[in-house]
Every structure is written in structure tokens, then in C-alpha cells.
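Asks: Let me give you the structure first, and then I'll get to my questions.
The values are calculated or read from the model by the stated rules, or taken from the named source; none is laboratory data. Worth saying up front: this structure is predicted, and the values here are computed from it rather than measured. Glycine gets a Cβ as well: all are built from the backbone with ideal geometry, and neighbour counts include every protein chain shown. Accessible surface areas use protein heavy atoms only, side chains included; no ligands, DNA or RNA. Shrake-Rupley method; radii C 1.70, N 1.55, O 1.52, S 1.80 Å.
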Amino acid sequence: MAASAYAAAALAAPDWLNKGDNAWQLTAATLVGIQSMPGLVVLYGSIVKKKWAVNSAFMALYAYASSLLVWVLVGFRMAFGERLLPFWGKAGVALSQDYLVRRAALSATAHGDTPRTEPFYPEATLVLFQFEFAAITLVLLAGSVLGRMNIKAWMAFTPLWLLFSYTVGAFSLWGGGFLYHWGVIDYSGGYVIHLSSGVAGFTAAYWVGPRLKSDRERFSPNNILLMIAGGGLLWMGWAGFNGGAPYAANIAASVAVLNTNVSAATSLLTWTCLDVIFFGKPSVIGAVQGMMTGLVCITPGAGLVQTWAAVIMGMFAGSVPWFTMMILHKKSALLMRVDDTLAVFHTHAVAGLLGGVLTGLLATPTLLRIESPVPGLRGAFYGGGIGQVGKQLAGAAFVVAWNVAVTSLILLVIGLVIPLRMPDEELMIGDDAAHGEEAYALWGDGEKFDATRHDAARVGGGGGGGGIMEREGSVGQRLSGMGARGVTIQL
């Protein structure tokens with residue numbers, strides 16, 4: 001069996017197959033998948049209040065699973081198939097053997113004398129890799145509406161948004177659409193993934209409505225250590241995110257992975273220093289946000305800029321989103337009105353746009369020749385002038401406008417059938433109301449705390465509804481055969 005699998009003439013190894021490229025692309029796809037499952041599932045489940053841990057994790061889980069079926073049924077070819085419109089590919093299935101085992105090809109990417117992109121591995125590998133990108137975009141979007149969106153509305157929203165919003169951005173910038181051929185640079189998803197998820201998430205948060213006032217005022221993480229673990233999976237998984245973008249194990253992939261880590265580290269340190277300077281102490285949550293903005297900012301140009309430029313991009317990534325989140329947010333009526341739970345607008349939309357503009361300034365002509373079919377592209381600092389920056393801004397404007405319009409339309413239609421927001425009485429309860437499940441069993445197995453049977457004391461309820469402690473008996477009472485004794489904190 002082994003001999004036939006590796007024989008040169010075997011069907012398993014056609015002449016066009018590069019085993020190294022195929023192995024790296026499958027590895028990169030797996031790394032990106034780990035960012036969602038379990039990375040963001042763990043991050044979401046731990047960064048929210050205890051009563052929303054299950055719901056937040058499940059929203060990410062469901063988005064990942066539902067995206068895959070939509071992707072192989074019609075989504076992949078709408079994003080990377082033959083051209084239907086300047087911004088959209090022709091729908092079609094990616095399920096048959098004949099389609100999946102042939103050499104991968106992006107039909108609409110031929111540009112002038114440059115032939116279409118044809119990686120040296122089967123179509124199945126490309127379908128899987130690009131699915132992971134589509135899925136994580138929806139999972140990131142979910143961060144804006146945690147803690148109040150009706151789970152049934154979310155289940156209806158995810159396939160519709162993938163089909164009518166994500167595929168448009170992916171085809172326009174990556175699949176051979178008009179922005180691709182015009183020369184707008186988005187190396188690995190600063191616009192397609194991060195700007196889209198940030199803008200769409202902010203728009204969704206507007207239409208869904210805010211969390212309860214008590215939740216907005218106090219929304220402390222239920223497990224900061226797990227939050228760090230989820231963030232760490234994101235950081236390490238980004239090697240596949242940016243390293244897989246060239247569709248080959250080539251020079252650009254190596255540069256991209258190094259630049260990704262440099263930018264993330266620089267941004268984390270910059271954000272932390274600003275926290276210390278202005279607030280007197282470093283914030284762990286802030287450090288994770290700084291890490292995230294550094295990863296997002298480098299993404300549009302990870303394999304296209306020099307490493308000293310990645311340091312500069314990391315410094316901007318750790319300061320500009322910090323400013324918009326900590327300073328500008330409090331001065332803007334719109335930003336204050338819209339309840340973006342995890343600040344996805346700042347960490348993804350702002351950082352993604354920032355990275356796109358900086359790529360227009362710092363992208364080198366040598367690395368662009370490796371990655372782009374459009375001749376003559378170069379950053380402004382390399383003689384490209386202001387034209388490339390203008391293209392970057394125009395491409396961002398299209399992504400923003402499309403996501404605002406399509407996200408709004410989808411949610412308005414869903415809202416006619418399913419309430420977008422959970423009722424207030426269910427929001428008071430959280431996971432148990434949404435799923436009949438809770439993240440932590442703080443009482444006995446199957447036992448529910450009944451306030452009518454026990455003494456209840458309110459401790460430190462400072463205005464925002466937080467800090468409520470319910471307890472059975474006195475704190476000093478020892479456990480005995482009379483029943484379970486313990487303390488539960490309503491987070």
C-alpha cells in the first residue's frame with residue numbers, strides 16, 4: 001500500500017502534486033481551524049460573565065459547523081470559482097470526486113500575461129483552507145453580539161451572511177474580482193476577514209440591540225486563565241493564517257510567519273505600556289487585545305513587508321486601536337450607543353483598516369512580485385506614490401459599504417420572523433434560559449439553588465447589578481449531613 005501511494009505514476013501522486021506544498025497547506029488549514037475550534041470557543045466561553053459562558057461558546061461552535069456545509073454546497077465556488085459578476089463568482093458544489101481531486105485553480109485570477117493561480121495540490125486542499133477563513137470570520141463577528149442575541153436568530157443569520165456578504169469580499173479581493181485586478185492588496189484577510197467581521201459585527205450589534213444595563217456595566221471574565229489560553233491558540237494558529245496565504249511553502253510564507261509574530265509581540269507590549277502609563281497597571285485583558293490587534297494589523301501585508309516594517313505596524317496596532325477604544329469610544333455618541341460586546345469594531349475593523357493602509361505604504365516591490373499578478377505594485381515608500389494608498393482606502397470603502405448594507409438587510413428580514421434579541425427575563429438568567437445548561441455546577445449534581453429555602457445575603461451590589469452573592473446559611477457554617485453548603489457568586 002505504501003509503495004503504491006508514493007509511486008510516481010500512481011493516481012495518489014500526479015505529476016503536478018507538490019507534496020511539500022500540500023502538506024504545508026493542510027497544516028496551515030488545521031492551524032487556522034484550531035484558532036476557531038477550540039481557540040475562539042475557549043476565549044469566548046471564558047471572557048464573558050459566567051451566565052453567558054455556554055451561549056457564547058456555542059455561538060462560535062455553531063458558526064463553525066454551519067459554515068462548512070454552506071461552503072462545500074455553494075459558498076466556495078461563489079468566492080473562488082468562475083466569474084459571474086465583477087464581485088461574485090458562479091455558485092456550484094464542491095463535493096464531487098472529479099472536482100476535488102483535480103489540480104486546484106482559481107479560474108478568474110488570470111491577469112494580462114499572468115496565468116491563473118494554480119497551486120500544486122488538489123482542489124480539496126484549497127476548499128478546506130479557504131473554509132477555515134470563512135468560518136473564523138463568522139466566529140469573530142459573533143463577538144459583537146454575545147450576551148443577548150437570540151440563538152435561533154443567530155442560527156438563521158450565519159449561512160445567509162456567509163453566502164451574501166463573505167463570498168463577495170473574498171471573490172472581489174482574492175478570487176479574481178474587480179479589486180483583485182485593480183491591485184488592492186489584502187495578503188491574508190485584513191479586509192476580507194477582519195474589516196468585514198468588525199463592520200458586520202458592529203452593524204449586527206446595532207440591529208440586535210444592547211445587553212441588559214447590568215451586563216453592560218459589569219461583564220467581568222469568568223476565567224482569565226482560560227481566556228489567555230484561548231488567546232494563545234489564536235496567536236500560534238496565526239502561523240497558518242498568514243503562512244498559508246501564498247498557497248505554497250515558499251519565501252513569502254516564511255517572511256509572513258516571522259512578521260506575524262513580531263507584529264503581535266510589539267503590539268502587545270505597546271498596548272500594555274499605554275495601560276501602565278494611563279491607568280497605572282497592566283491589564284491582562286488589554287494585553288490579549290493588543291496581541292489581537294497586532295495579528296490583525298499585519299495580516300494584509302504579512303508576506304509583503306520587511307520585518308522592520310512589521311515592528312512599525314505592531315506599534316501602530318497597539319496604539320491606534322487602543323486610542324479608539326479607550327479615548328474616542330467614550331466621546332462618540334454612536335460608539336457608546338452600539339453595544340459591541342467584545343469591541344470587535346476596534347480590534348478587527350480599526351486594526352484591519354490600519355493594516356491595509358500601512359501595507360499600501362510599506363509593501364516591497366520584490367515581495368509583491370511573488371504574490372500579486374498585477375505588475376508594478378509597490379508601497380508608497382518604495383516609489384508607489386499615493387496611488388496604492390488610495391486603492392487601499394477605496395477597497396476598504398467597498399468592504400465597509402457592502403457589509404453594512406447586506407448585514408442590515410439580512411437581520412431586518414430575519415427579524416420579521418424571529419426576534420433578534422432575547423427577552424429581558426431570559427437575559428437575566430442567561431445560559432439556563434437559552435440552552436437549559438450551565439457552564440459550572442456550583443451546587444450538587446443536579447441540585448438547583450432555591451432562594452426561598454435558604455438565607456440570602458446581598459454583598460457589594462454596587463449600582464450595576466454586579467457583586468451579588470447568594471449563600472446558604474452563614475459563611476462560617478460548616479458542611480454537614482443537613483445538605484450541601486457553599487457559596488455561589490452571580491457573575
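Asks: Just to check I understand the Karplus step: with θ = phi - 60° and J = 6.51 cos²θ - 1.76 cosθ + 1.60, what whole-Hz values come out for segment 185-190, glycine and proline as x?
Replies: For segment 185-190, the Karplus-derived couplings read 9, 9, 4, 9, x, x Hz, x marking Gly and Pro.
Asks: Go ahead and run the numbers for FRET between Val93 and Asn250, Cβ-Cβ distance against an R0 of 35 Å, rounding to 0.05.
Replies: E between Val93 and Asn250, to the nearest 0.05, is 0.70.
Asks: Between Met155 and Tyr382, how high is the FRET efficiency from 1/(1 + (r/R0)^6) when r is the Cβ-Cβ distance and R₀ = 45 Å? Nearest 0.05.
Replies: That pair, Met155 with Tyr382, gives E of 0.45.
Asks: Read through the labelled values (1) 1.49; (2) 1.03; (3) 1.35 and report the label of the one computed as Cα Rg over 2.2 N^0.38 Å from the structure.
Replies: Computing Cα Rg over 2.2 N^0.38 Å and matching it to (1) 1.49; (2) 1.03; (3) 1.35 gives (2).
Asks: Based solely on its DSSP helices, what 222 nm [θ] is calculated for the chain when runs of n ≥ 4 H residues each add -39,500 (n - 2.57) and the sum is averaged over all residues, nearest 500 deg cm²/dmol?
Replies: So the calculated ellipticity at 222 nm is -16000 deg cm²/dmol.
Asks: Also, quick follow-up: Based on DSSP H assignment, which helices of the chain show an axial Cα extent of at least 27 Å together with a mean Kyte-Doolittle hydropathy greater than or equal to 1.6?
Replies: TM-like helix candidates: 123-142.
Asks: May I ask you to derive the FRET efficiency for Lys213 and Phe164 from their Cβ-Cβ distance with R0 = 30 Å, giving the value to the nearest 0.05?
Replies: Taking R0 as 30 Å, the efficiency between Lys213 and Phe164 is 0.35.
Asks: Further, regarding this structure: Too long at a 32 Å Cα-Cα cut-off: which of Lys152/Lys391; Lys49/Lys391; Lys50/Lys281; Lys281/Lys331; Lys19/Lys90?
Replies: Lys152/Lys391; Lys49/Lys391
Asks: Return the inverse of the average 1/r over all pairs of distinct C-alpha atoms in segment 32-161, which is the Kirkwood hydrodynamic radius, in Å to one decimal.
Replies: Computed over Cα pairs of segment 32-161, the Kirkwood hydrodynamic radius comes out at 16.0 Å.
Asks: Ignoring ligands, DNA and RNA, what percent of the accessible area of the chain is carbon or sulfur (1.4 Å)?
Replies: Carbon with sulfur: 66 percent of the solvent-accessible area.
Asks: Then there is this: Can you give me the accessible area per residue for the chain, using a 1.4 Å probe, in Å²?
Replies: Averaged over the residues of the chain, the accessible area is 42 Å².
Asks: Ok, one more. Treat segment 58-131 as a sphere of radius equal to its Kirkwood radius over Cα pairs and apply Stokes-Einstein at 10 °C in a medium of 1.306 mPa s; give the translational diffusion coefficient in µm²/s, rounded to a whole number.
Replies: 122 µm²/s
Asks: So if each residue of separation counts as 0.36 nm, and I subtract the Cα-Cα distance between Leu393 and Leu17, what length gain in nm does that give?
Replies: 131.6 nm
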